[in-house]
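The values are calculated or read from the model by the stated rules, or taken from the named source; none is laboratory data. As the structure is a computational prediction, the values presented were derived from the model and not from experiment. Cβ atoms come from the backbone with ideal geometry, glycine included; neighbour counts cover every protein chain shown.
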Amino acid sequence: MNSRERLFAFLDGKTVDHLPFMPIFMQFASTRAGIAYGEYSTDYRVMVDCQLSAAEEFGVDHVSVISDPAVEASACGANIHRYDNSPFAIDEERPLLADKSVLTTLQVPDPLKEGGRMLNRIQAVALFKERVGGEKAIEGWIEGPCAEAADLRGINNLMVDFMDDPEFVRDTFEFVLEMEMRFAKEQVAAGADIIGVGDAAASLVGPRIYDEFVQPFERKMVDGIHALGAKARLHICGNTRRSLKGMGEMGFDIVDLDFPSPISEGRERMGFFQVLLGNIDPVRVLRNGTPDAVYQAIAECHNQAGERYIVGAGCEVPRDTPDENVKAMMRYAQEHGG
């Protein structure tokens, strides 16, 4: 049973040889290869080489094109901070939609535009397909409605808009939905088996706003991804304890939980069948702990989650995490049946 077979059999509820292992490798993968992260996130060939090297070394069951939250926003014309050795970031002081009327003039960017970072991500998927298609699961990535709206409008502005101008929020989310589904479609066409939906800003809203504004659009995303023939993974960084029930109601094949949200609460509020991934503290436990502490922390997550569990950390594996600690996660996955 190879990695791709293992993961998809597991998601289908079948017995597999051992638990799937799906950590988020970004800066960890580039650093181990001695590559500056700016190069990693802008050259698909470099990204693919780094991902495959790390996946082989640590027995990871997937490869991913996740890099930073600025890919789609930059294609829209947003102001971006570019760094040589860190993920690119949104310029919060000069958001593209500082003037809300700009939304009416925005055009959904063409993901296949030559030289664009959206195309770079699609090319990464295609190269993964060429090199490990059928062997490892290939994960594409898009931003969720709340995260991308925050990238375009500015996080503080968006939080006020939920109260002061809810119709503008919905209009922005509609634009984001159209853009992200077009992006997802091209990634699936290039060979993506899974589309990850990163919606970090959604952890900052309460359950009323999440249920009223965010969840309906996340649901449209997961339905759209399934219609494309791919699996869907939800990743919301931070404390999502207030929104766990809603996160489990949309049909995502995998739901990640960050370390502030106990796996036990996720299982209780999402039910037996939802596949959960996570959720050890990436810094205090994974980076700063010992291999034994990492192994025991994953064991506790597995115990809380039960059978429908994928091994991983709460969020990205930090760049300076000791190899032995990552291998402790790998060892737990390989020693426990799924």
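Evaluate region 125-133: report whether one residue or more is in contact with an Asp or Glu (Cβ under 6 Å, 6 or more places away or on another chain) and not small (Gly, Ala, Ser). Within region 125-133, none of the residues are in contact with an Asp or Glu (Cβ under 6 Å, 6 or more places away or on another chain) and not small (Gly, Ala, Ser). Can you find a residue that is polar (S, T, N, Q), surrounded by fewer than 21 Cβ atoms within 10 Å (Cβ to Cβ) and part of a helix (DSSP H, G or I) anywhere in region 229-240? No, region 229-240 has no match at all.
Taken as a whole, the condition of being over 18 Å from ILE66 (Cα atoms), more than 15 Å from the chain's Cα centre (by Cα), at pLDDT 95 or above and buried (at least 23 other Cβ atoms within 10 Å of the Cβ) applies to GLY266.
When restricted to residues that are surrounded by fewer than 22 Cβ atoms within 10 Å (Cβ to Cβ) and under 21 Å from CYS315 (Cβ atoms), region 36-53 contains 1.
Checked across region 76-96, the condition of being surrounded by 17 or more Cβ atoms within 10 Å (Cβ to Cβ), more than 16 Å from the chain's Cα centre (by Cα) and either among the polar types (S, T, N, Q) or farther than 20 Å from ALA200 by Cβ (or both) holds for no residue. The sole residue among GLU92, GLU148, GLU143 that is at pLDDT below 95, of a type outside the set (S, T, N, Q) and touching a helix residue (DSSP H, G or I) at 6+ places or on another chain (Cβ under 9 Å) is GLU92. Counting just the residues of region 190-211 that are touching a residue at least 60 places away in the same chain (Cβ under 8 Å) and within 28 Å of GLU114 (Cα to Cα), which one comes out surrounded by the most Cβ atoms within 10 Å (Cβ to Cβ)? The extreme case among them is ALA192. Would you confirm, using the coordinates I've provided, whether PRO95 is in a loop (DSSP other than H, G, I, E, B), under 25 Å from THR31 (Cα atoms) and of a type outside the set (Gly, Ala, Ser)? For PRO95, the condition - in a loop (DSSP other than H, G, I, E, B), under 25 Å from THR31 (Cα atoms) and of a type outside the set (Gly, Ala, Ser) - is not met. Only residues that are among the charged types (D, E, K, R) and within 17 Å of VAL108 (Cα to Cα) were counted across region 127-151, and they come to 3. Kindly indicate the residue of region 55-83 that is assigned to a helix (DSSP H, G or I) and touching a strand residue (DSSP E or B) at 6+ places or on another chain (Cβ under 9 Å) and also farthest from GLU93 (Cα to Cα) among those meeting that condition. Selected residue: PHE58.
Restricted to region 102-184, the set of helices (runs of 4 or more DSSP H) holding at least 2 residues that are within 21 Å of GLY224 (Cβ to Cβ) and either among the β-branched types (Val, Ile, Thr) or in contact (Cβ under 8 Å) with a residue 40 or more places away in the chain (or both) comprises 117-132, 145-153.
Condition check ((1) in a loop (DSSP other than H, G, I, E, B); (2) at pLDDT 95 or above; (3) out of contact with any Cys (no Cβ under 7 Å at 6 or more places or on another chain); (4) under 17 Å from ASP61 (Cα atoms)) across all residues:
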{"position": "ARG284", "(1), (2), (3), (4)": "no, yes, yes, no"}
{"position": "VAL311", "(1), (2), (3), (4)": "no, yes, yes, yes"}
{"position": "CYS315", "(1), (2), (3), (4)": "yes, yes, no, yes"}
{"position": "ARG319", "(1), (2), (3), (4)": "yes, yes, yes, no"}
{"position": "VAL326", "(1), (2), (3), (4)": "no, yes, yes, yes"}
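Among the numbered conditions (1) of a type in the set (Gly, Ala, Ser); (2) under 15 Å from the mean Cα position of the chain (by Cα); (3) farther than 21 Å from ALA55 by Cα, the only one that SER261 does not meet is (2).
VAL16 meets the stated requirement of being surrounded by fewer than 21 Cβ atoms within 10 Å (Cβ to Cβ), in a loop (DSSP other than H, G, I, E, B), in contact (Cβ under 8 Å) with a residue 60 or more places away in the chain and not polar (S, T, N, Q).
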